Amino acid sequence: MKLLVCGGAGFIGSTFARQRVQEHGDEVTVLDKLTYAGREENLQDLADDPRFHFVRGAIEDREAVAGAIEAASPQAIVNFAAETHVDRSIAEPDTFVSTHALGTYVLLEAARTLRGTGEHALRYVQVSTDEVYGSIEEGTFTEHSPLAPSSPYSATKAGADLLVQSYFHTYGLPALICRGSNNYGPYQYPEKLIPLMILNALYGDALPVYGDGMQVRNWIHATDFAAAIGHVLEHGQPGEVYNAGGPDEEANMTVVRRIVELTGAQESQIEHVTDRPGHDRRYSLSSEKVRALGWSPGVRFDEGLEQTVSWYRDNDWWWQPIRSGDYRAYYERQYGRTLQP
Ligand code: NAD
Ligand code: TYD
């Protein structure tokens with residue numbers, strides 16, 4: 001298959017691009033703006049593969065999108081491009097609105113203009129999040145659960161999902177949505193809980209737990225989420241939403257304590273700090289529908305976390321430039337303290 005993968009230089013998009021080229025033999029063109037979170041290093045192992053191409057550009061830029069489509073002649077567009085950190089969306093929501101609302105609209109318009117018919121119809125897959133459903137104290141969200149997003153991140157992602165659905169209903173665009181739970185694994189930017197705690201643990205920095213740390217997340221390894229998106233792309237029904245949740249739910253404190261054990265850090269590094277405003281207490285996703293397409297998650301959290309800690313230990317070439325760059329200033333603004341040099 002020929003694919004245009006938007007946002008493919010990020011954490012999950014690069015995992016998906018690698019999987020599609022190396023395991024499925026697809027030809028993949030990545031279109032990516034290369035924000036602070038997008039890095040060509042994430043795609044380093046594909047750089048010399050003739051089936052892989054990279055175009056720098058933003059999804060809200062019509063010309064960039066047209067150029068990438070011309071270069072890729074895709075049979076499908078898979079859109080990962082997003083601003084993805086809830087804390088940044090609380091501090092500065094602007095780019096969340098422009099990338100998720102305008103960017104998704106520009107991609108959908110391009111797909112609508114270009115789409116063929118019958119077996120040549122261009123498929124569009126929107127990568128989304130369980131956060132569009134809001135928080136759930138008990139039970140699990142299904143694809144029929146109402147959208148009740150809490151943060152500017154999740155609200156703009158929900159808006160993008162609704163726009164995608166409107167293009168299916170109004171124009172018959174074969175568009176699908178895949179909503180994942182919290183991802184972890186190699187190549188995740190260290191603003192997110194797991195890589196932030198791993199690097200801080202290794203450096204002897206404080207481990208900043210928001211509030212009581214009893215918030216629960218449904219963890220999925222990025223290779224499993226990427227595979228679920230692949231199943232939706234190949235076997236999903238146009239117009240449908242598919243949830244892909246991980247096999248394990250863990251309280252943040254449990255995750256942080258495991259990281260302390262795995263890195264040999266000190267429990268005394270754990271510090272409870274001011275809670276995130278509007279913090280969702282628990283996410284939980286039912287994945288029955290995507291399982292019916294033949295997908296199931298392969299990585300249990302304990303095993304995946306251990307592998308992830310080892311990957312960060314062994315790959316400081318990847319994170320050293322981040323930790324010594326703009327990330328330091330972000331960290332200071334967000335946490336009111338500096339990182340160890
Ligand atoms: P990430 O922040 O690591 O990567 C996002 C990528 O999108 C980066 O390469 C960035 O440069 C690119 N990008 C941002 N704005 C762009 C724009 N306007 N035009 C083109 N490219 C742009 O994010 P991630 O964790 O890999 O998430 C990928 C997708 O998966 C997102 O849509 C996110 O909402 C969704 N998702 C993430 C998680 C998670 O836990 N990380 C869970 C469920 C769903
Ligand atoms: P995060 O990785 O930001 O993902 P999301 O907000 O999309 O779920 O956070 C995961 C959980 O960890 C969430 O409950 C917030 C919490 N958290 C902390 O306690 N401390 C931190 O420094 C960060 C980044 C997150």
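The values are calculated or read from the model by the stated rules, or taken from the named source; none is laboratory data. Predicted, not measured: the structure shown is a model, and the values here were computed from it. For neighbour counting, all protein chains shown are included, and Cβ atoms are generated from backbone atoms with ideal geometry for every residue, glycine included. With ligands, DNA and RNA removed, areas are computed over all heavy atoms of the protein, side chains included. Shrake-Rupley method; radii C 1.70, N 1.55, O 1.52, S 1.80 Å.
For segment 172-242, with every protein chain kept in place, what is the accessible area per residue (1.4 Å probe, Å²)?
With all protein chains present, segment 172-242 gives 21 Å² per residue.
In terms of modelled amide H atoms, which long-range or inter-chain residues lie less than 5 Å from the amide H of residue 210?
Distant-sequence amide H within range of residue 210: 273.
Per-residue HN-Hα couplings for segment 149-162, Karplus 6.51 cos²θ - 1.76 cosθ + 1.60 at θ = phi - 60°, whole Hz, x for Gly and Pro?
x, 9, 10, x, 4, 6, 5, 6, 5, 5, x, 4, 4, 5
How many percent of the accessible area of segment 232-341 is carbon or sulfur, using a 1.4 Å probe?
Roughly 42 percent, rounded to a whole number.
Is the shape of segment 1-115 best called rounded, prolate or oblate, per the rule: a/c under 1.5 gives rounded, else a/b larger than b/c gives prolate, else oblate, with a ≥ b ≥ c the square roots of the Cα gyration tensor eigenvalues?
Here segment 1-115 falls in the oblate category.
Check residue 285: other-chain or 5+ apart residues with amide H under 5 Å from its amide H, H built from backbone geometry?
HN-HN under 5 Å from residue 285: 141.
Could you go through segment 263-268 in sequence order and give the Karplus-derived ³J(HN,Hα) for each residue, using 6.51 cos²θ - 1.76 cosθ + 1.60 with θ = phi - 60°, rounded to whole Hz, and x for Gly and Pro?
Once rounded to whole Hz, the list reads 9, x, 7, 9, 3, 5.
Residue by residue through segment 51-56, which ³J(HN,Hα) values in whole Hz follow from phi under the Karplus form 6.51 cos²θ - 1.76 cosθ + 1.60 (θ = phi - 60°), with glycine and proline marked x?
Values per residue, Gly and Pro as x: 7, 10, 9, 10, 10, 8 Hz.
Which distance in Å, rounded to a whole number, links the C-alpha centroids of segment 1-57 and segment 123-161?
That distance is 25 Å.
With springs connecting C-alpha atoms under 10 Å apart, model the chain as a Gaussian network and identify which of 265, 68, 76 has the largest mean-square fluctuation.
Its mean-square fluctuation being the largest, the pick is 265.
Show which lysines lie in cross-link reach of residue 33 when reach means a straight Cα distance below 16 angstrom and same-chain residues fewer than eight apart are skipped.
Residue 33 reaches no qualifying lysines.
Give me the percent of the accessible area of segment 1-49 that comes from carbon and sulfur atoms, probe 1.4 Å, all protein chains in place.
42 percent
Would you mind getting me the FRET efficiency between residue 320 and residue 70? Use the beta-carbon distance for r and R0 = 35 Å, nearest 0.05.
Given R0 = 35 Å and the Cβ-Cβ separation, E is 0.40.
Using a 1.4 angstrom probe on heavy atoms only, work out the carbon and sulfur share of the accessible area of segment 118-200 in %.
55 percent
Long-range amide H contacts for residue 182: which residues qualify at under 5 Å (H placed 1.01 Å from N, peptide plane, sequence gap of 5 or more or a different chain)?
218, 220
Cβ under 11 Å from residue 256's Cβ, residue 256 left aside: what net charge do those residues give with Lys, Arg +1 and Asp, Glu -1?
Residues close to residue 256 contribute a combined charge of -2.
Net charge near residue 43: determine it from the other residues with C-beta under 10 Å of the C-beta of residue 43, scoring Lys and Arg +1 and Asp and Glu -1.
-3
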